[in-house]
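J.: Sharing a structure below in C-alpha cells format, with a few things to ask.
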Amino acid sequence: MMNTHRAVREVFGFFLSLGRKTGKTRVFALLGLVPVILAIVVRVVLHGRTGDMAAVFTEILMVFFLQFYIVILALFYGTSVVAEEVEGRTLSYLITRPIAKPAIVLGKYAAYSLLMFLMVAVSLSLSFFIMNAGRFADARLYLTFLSYLGVLGLGILAYTAFFSFLGTVLKKAILVGLVFGFGWENVIQYFPGSTQRFSVVHYLKSLLPYRPMGGGGGGVALLLFRLEPTSPAIAVLMLAVIAGVFLALACWVFRTKEYLYEE
Amino acid sequence: MTAVIHASNLSKWYGNVLGLNDVTLDIASGITGLLGPNGAGKSTFMKLITGQMKPNIGQVTVRGRKSWNNPVLFRDIGFCPENDVFYEEMTGWEFVTGLLRFYGYSASEIKERAAKALDIVELTKDKDRLIRGYSRGMRQRVKFAQAIAHDPEIVILDEPLSGLDPLGKRKLIKLIKEFKSQGRTVLVSSHVLPEIEALTSEIVLVHQGKILAQGDIRFIRELIESHPHMISVRSSDPRALAARFVGDRSIQKMSFGADGRTLVVETHKRDDFFGCLTGAVLEGRIEVEEISSPDDNLQAVFEYLVGK
C-alpha cells in the first residue's frame, strides 16, 4: 500500500485537476469578480482620489471576502469533500484503491483549499490594487495586502476543515453549514465576553490591521468592528487548532463510517 | 477447491430492509456468475467483498483477509460498479490515469497501463473526449478499463454487460473469459441468464438476500424448462389464431387479453410453440403485430423457483 504522504499527494493532484474544471469552480470564480467590479466602479466615482475613501472601501471589500466569499466557498467545497462522492456515487472509485481513507479526505481538502485560495487571491489582488491604485509607492500597502491575504487563507483552512467534518457526518451538511456560516458566525462575534471566541471569524478579525472607529475609516469601520480581539499569536494558534481538530475528526469519521447510496 | 473469496454467515441490512441474509459461500478462481433479479442482494454482496460496506453479522474475507477498512487488498482487486456514474468533467484518459495514480506507479507506468487498458476496451481513439460525451456503451467500457488497468488478480464486475450492444457484449465476454484463462478470479453479476450463461457455467443464484443455489448452470436451465412460459401474441384476429392452436399439445392454456386483440398462451415448450405460431401465421395469413413474453425474465423464474 502507498504511504499516506504519497497517497495524499496523489489525491491532491487528482482533485486539483478535476476541481479546476467543474461548473462550481466557474460559478465561484465569477462571484469573485463582484468585488473587482465594485472596485472599478468606486475608482471611477472617486475620480482617482485616494486616501481615506480608498481605505474605507477596501474595508468594505474585506467584509465581502471575510464574511461572505470565503465562508460560501468553504461551505460548498468543504462539505463536498465527502458528500459529493456519496451523492454522486463516485465514492466506490476512491475507496476501492490501495490508499488509506484519511488520505482521500486530506488530499481532497488540500486540493480544494488551494483552489479556493487561488480564487480569493486573484479576486482580492485585483480589487485591492484597483482600489489603491494611487498608492503603489507606499510599502505599507503591500504589507496590508499580504496580511489580508494571509487572514483569508487561514479562514479558508479553518472553515473548510469544519465544513468537511460536517460533510462526513451529515447528509444535509449544506443547510447546517449555512446556519453556522451566516447565522452563528454573524451573530456570536458581537457577543461580549468569551462567547465571541466560539466563532471562527472572531480570530480572523483579530488578525486584521485595526482601524479604530472615529479614525480614518469613520462610521464604515463598524463593518470590521471587533469587541475584544484576541492576540495575533493566540488567534493564529486557535485557527490552526480549529483546522487540525476538525480535519482529524473528518478523517476519523470517514474511516469508520459506512456510506450508503440513496436508492 | 481453494476459496479466494469466503463469506461466512454474512448478513447485511439497511434499516429494516434485509440486503443479505446469512450467506455462507466460497468462491474459487475462475469465473463465477452471481445471478439474481434486481434487488436480490448481488450488489450488496459485491460491496461487502470490496470493503465498501461493513457486515452487520458474519464476515467476508478475500484471500483470508477481511475486506472492510483494509486498503492493502485493493492492489489485487479491480471493481467495476453497477452505477453509471463518473467524474463527468474528465476525459476517459484522465479518468483511467487519475485512478491509476493511487497505486504508486511511476508516471510512465501509469501512461503505459492506461493506454493498454483503453486499448483493450477499444477506447484509444476516444480517450481524449469528455466522459460526459460518451455513449452508454463507451461509459461501460471505460468503467471496465479502470477496473482492469492495474492488472488485478481478482475482478469484481457488477452488471458489466448492461447497456452494451450485442457486439460490445460479445467483446467484453471474450475479455472476461481471457481473465479466466490467465488464472484470475472473476465474480460477475447479472440479472440476465443468457449473459451469465455466455460467461460461465459456475453460478450462484441469489434471491431476496439469500443464496438459493450454487453450482453448474445446467440445473437452473432445467428448472427453467419446466417453468410454464407465458407468451402474449397481439394480432388482428386472435380468435382465429387460437382456433389453430387448440390441437397443439405444446399449449397448456390460452386466454384473451382485455383489449380483444391479444392472445395469451401458456406453454412448457416454448420452441415448439414458436414453430407452431410461425406455421399458423404463414398458413392462415394472420397478421401478428407483436409477440412478447411477460414473464421471460429472471424475476418470474425466481418467483416460480421459490414457489410464489
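J.: Computed FRET efficiency, Cβ-Cβ of residue A:145 and residue A:256, R0 51 Å: what is it to the nearest 0.05?
T.: Values: r = 43 Å, r/R0 = 0.84.
Efficiency for this residue pair is about 0.75.
J.: Do me a favour and compute the ellipsoid semi-axes for the protein assembly as shown from its Cα gyration tensor, root of five times each eigenvalue, largest one first, whole Å.
T.: For the protein assembly as shown, the semi-axes come out at 61, 27, 22 Å.
J.: Among residues other than residue B:249 whose Cβ falls under 15 Å from its Cβ, what is the net charge (Lys/Arg +1, Asp/Glu -1)?
T.: 0
J.: Using just the Cα positions, wrap the stretch B:1-126 in a convex hull and report its mean projected area in square nanometres, one decimal place.
T.: 9.7
J.: Can I ask one more? What is the order of A:79, A:90, fewest Cβ neighbours within 10 Å to most?
T.: A:90, A:79
J.: Sticking with this one: Between residue B:17 and residue B:212, what is the FRET efficiency for a Förster distance of 22 Å, r being their Cβ-Cβ separation, to the nearest 0.05?
T.: Result of the calculation: an efficiency of 0.70.
J.: Now, a different point. With N denoting the number of residues in chain A, provide Rg(C-alpha) divided by 2.2 N^0.38 Å, to two decimal places.
T.: 1.07
J.: Among the listed pairs A:24/B:116; B:177/B:210; A:101/B:66; B:125/B:171; B:127/B:180; B:116/B:143, give every one whose C-alpha distance is greater than 21 Å.
T.: A:24/B:116; B:177/B:210; B:127/B:180
J.: When the label point is put 7 Å from the Cα of residue B:151 along its Cα-to-beta-carbon vector, which residues of the stretch B:96-111 have a backbone N closer than 17 Å?
T.: B:97, B:100-111
J.: At a Förster radius of 41 Å, what calculated FRET efficiency corresponds to the Cβ-Cβ distance of residue B:84 and residue A:184, to the nearest 0.05? Mind dumping the intermediate values first?
T.: Values: r = 39 Å, r/R0 = 0.96.
Calculated transfer efficiency: 0.55.
J.: Can I ask one more? Which peptide among B:111-120, A:151-160, A:80-89 comes first, and what is the full order, when sorted by highest mean count of other Cβ atoms within 10 Å? Display every interim value, and only then the final one.
T.: Working: B:111-120: 18.5, A:151-160: 25.0, A:80-89: 20.6.
The peptides rank, most packed first, as A:151-160, A:80-89, B:111-120.
J.: Per-residue mean of other chain beta-carbon atoms within 10 angstrom of the beta-carbon, peptide B:93-105? Each step should come with its number before you reach the end.
T.: Working: counts 0, 4, 3, 0, 1, 8, 6, 2, 10, 16, 6, 8, 2.
Per residue, the average neighbour count from other chains is 5.
J.: Please work out whether the stretch B:3-223 counts as rounded, prolate or oblate from its C-alpha gyration tensor, where a ≥ b ≥ c are the square roots of the eigenvalues and a/c under 1.5 means rounded, while otherwise a/b larger than b/c means prolate and anything else oblate?
T.: Taking the square roots of the gyration eigenvalues as a ≥ b ≥ c, the stretch B:3-223 is prolate.
Taken together, the values in this text are just the output of simple stated rules run on the coordinates, not laboratory data. Since this is a predicted model, take the numbers as computed values, not measurements. A quick note on method: Cβ atoms are made from the backbone with ideal geometry, for glycine too, and the neighbour counts reach across all protein chains shown.
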